């Protein structure tokens, strides 16, 4: 130990049979062995010349991954607490760490337990509960299994834990023996690790963005951030990109660059920690004004909007509404308020514009009210002319008042339920007639070809018209009649479309950067999110939904969501219309003939024939029932990440039809709940309009059609994002080769003038 | 500088391929060519030095049997500054 109690020795380890010795010294081109190696007992080894290994790597470049756990090494390299551990030491750690998985709510260790391991969070969240009823939350990149009294003069290896550690979501962590860790790295991680917890909490707690959070929320927020160390420069935000995360610079520098509107480079700036960027991403993925690059040897906290969304879902408060962030554009609704009002919103989606119809539509919807009002006036007038009190007039007037009021309420609700919403991802149009039907049609912004309007003379006077949103689909028109502020609505849709297109350009630049990072072997890719699953939805559970789910007509398997038709769609197919009356008549006849005492001899045969016929009819009925049920069971609608599939199979393999449509060709999605029966049992049709000549793929009679439409929309959005990334990757694919050749030529003295 | 393990013969490439797990699933002929005159089977007695610190990297070893200890003397890799109290 030195004066500060730190061990003098490091990179100390004992290798067991199967180990590759000297591999990290070779792979990381240190030129010399970083350690001295000695046999601790008689040993046998294969000595491999590094020249042969170099030829092997040249011939089989992917062999590097088999020589050493490079993925694990790459992850350890981004853990802030290991930032001063040299590469060979990280390699030794990568050899011995044990990847562990914990389930949600699984206790990892309890307070008072003796623990010889320490843990590093790869992805997930851990809550530490201390004796003073204080809790701390840890996210990606944090260490736990630390003891405040451990080293330099305290215990090394087995230590008593002062808190209990519980995985609060699915967790992957690396475990390593505390003693082994100290021997390899040469430092005791406990106190620096605990100090790091405080640093994260204080840093987040002091940010103005979260100033309206209560103390518990600020502490818990630390469990939703990824703490990353970047050993070399790393592009974090690309100008124009819809950033997905807020970035907090903890230590080190950031370079901020921007191009002006003409594409000219503006002066760069350097920022020092602590500071933050991209906070508007927490309101929903929003385009960024500048490019932000982490310099090498810097530490960052990343709060992904997905993780913040998850935090918002589990917290009783509306956290998004409590953010102190000025949005770049006017957003009509965000956070839980938006989700409560529009449960179909996708995670991170914001409502930009909301439009109801012009007031003249209100009068049109209330036409029955005005007619009833007319009758009421007539009755009142007639009643006033007649002498004395007329009971029938009074009763009629009372009845008409009641009817008029009902019609008025109906008209108001009907008017309020029709709207057009523009979000940052799509245009959605809903019509709903209370207790009668519901209809919703939507078009992703990318699929919109043009936005027009039609307006006649009266509309011009009163300020309304019909907005027409045109997509490429055969039925790809969304027409919203009696629209007000048409120009503003058109401009909003156009602006949102343009923004989505800019995203593609920014994505390309990001991909070029990533390709070059990979080529230069400086790429690091710690998990971007803490919460590994999909965001929980808060859509209310209704008795209709329970009824639909109880029939098990929807399930997910390997990324494939499958629906069957609602069970109620079986009823018309069974053929009650002819089976029940025939069955009833025959049963009646049989009963009558059998119970008729003294049945004449000549009718006994007829009675038996009726009985036989009844049995036959029952068998036919059972066969028909089985056929219909098996047919219903075999017919499915499937949704994958790339396509929708309608599978129709007759029983006994008599016939099988499979029709598919690529998700990428779907122009818009329409949901219909066409009748009160459909509303009561919560089922309906979902129509996916495609650009193909075939027209539409229709999911008939699916339970909870709103959720089906939402799932399809969500998958379309994900596919579009993947396609954009893939396109950008393809465009950037050859660029590293160009740069490499350019660099070689530029450095070659024979090519210099 | 004298070459290490001069008195030990090179292993036949086929033997090498059979012994090294990471070579499985690779093209056998290519690998045999690469590992011709490249691998030796060596024995160390207890406390015998395998390589010294700061010596140039010439070999990588696969431990077949026994136990090898590694250690670096001097030059701490952890944080140099005293750690704050948590």
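Which order do A:237, A:677, A:568 fall in if you start with the one that has the fewest other Cβ atoms within 10 Å? Lowest count first: A:677, A:568, A:237.
Counting, for every residue in A:10-16, the Cβ atoms of other protein chains within 10 Å of its Cβ and taking the mean gives 6.
The separation of the stretch A:276-299 from the stretch A:344-365, counted between C-alpha centres, amounts to 32 Å.
Using only atoms on other chains, find how many Cβ atoms lie within 10 Å of each Cβ of peptide B:38-50 and report the average. It would help to have the intermediate numbers written out before the result.
Details: counts 9, 5, 5, 4, 5, 5, 9, 4, 6, 5, 5, 4, 12.
That average works out to 6.
Most tightly packed first, judged by the mean number of other beta-carbon atoms within 10 Å of their residues, the peptides A:133-139, A:123-129 read A:123-129, A:133-139.
In what sequence do A:675, A:569 fall when counting other Cβ within 10 Å, fewest first? Let's see the in-between values first.
Details: A:675 11, A:569 19.
Ranking A:675, A:569 by Cβ neighbours within 10 Å, fewest first, gives A:675, A:569.
Spin-label pair residue B:54-residue A:622: with each label point 7 Å from Cα along the Cα-Cβ axis, the two points sit 9.2 nm from one another. Using a simple spin-label model with pseudo-atoms 7 Å out from Cα toward Cβ, residue A:275 and residue A:251 lie 1.9 nm apart. Size descriptors for the stretch A:106-188, from the alpha-carbon set: Rg then Dmax equal 12.3, 35 Å.
Between the C-alpha center of the stretch A:443-472 and that of the stretch A:114-152 there is a gap of 57 Å. Shape class for chain A: prolate, because the ratio a/c of the largest to smallest gyration tensor axis (alpha-carbon atoms, square roots of eigenvalues) is 1.5 or more and a/b beats b/c. Going by alpha carbons, how many degrees (0 to 90, nearest 10) lie between the helix axis of A:391-416 and the longest principal axis of chain A? Approximately 30 degrees, to the nearest ten. How many angstrom lie between the Cα centre of the stretch A:371-414 and the Cα centre of the stretch A:62-99? A separation of 83 Å, based on Cα centres. For the pair residue A:582 and residue A:455, label points projected 7 Å from Cα toward Cβ lie 6.3 nm apart. Per-residue ellipticity at 222 nm from helix content only, as computed over chain A with -39500 (n - 2.57) for each DSSP H run of at least four residues, stands at -12500 deg cm²/dmol. In plain terms, the residue of A:221, A:386 with the fewest other Cβ atoms within 10 Å comes first and the most crowded comes last, giving A:386, A:221. Counting Cβ atoms of other protein chains within 10 Å of each Cβ in A:183-194 and taking the mean gives 4.
If contacts are Cα pairs under 8 angstrom and at least 6 residues apart, what is the relative contact order of chain A in percent? Write down the numbers at each step before the final one.
On the way: 1354 pairs, mean separation 74.9, N = 753.
Reported relative contact order: 10 percent.
The Cα atoms of the stretch A:240-298 cover 33, 28, 14 Å along the three principal axes, with the biggest extent listed first. Backbone N atoms of the stretch A:243-259 closer than 12 Å to the 7 Å Cα→Cβ label point of residue A:295 belong to residues A:251-256.
Against the empirical 2.2 N^0.38 Å scaling, what ratio does the C-alpha Rg of the stretch A:135-244 come to? Don't jump to the answer; show the numbers that get you there.
Numbers: Rg = 16.5 Å, N = 110, 2.2 N^0.38 = 13.1 Å.
That ratio works out to 1.26.
We did not get these values from a lab; they are worked out from the coordinates using the rules stated. If you're wondering where the values come from, they're calculated on a predicted model, not measured in any experiment. Note that each Cβ is placed from the backbone with ideal geometry, even for glycine, and that neighbours are counted across all protein chains shown.
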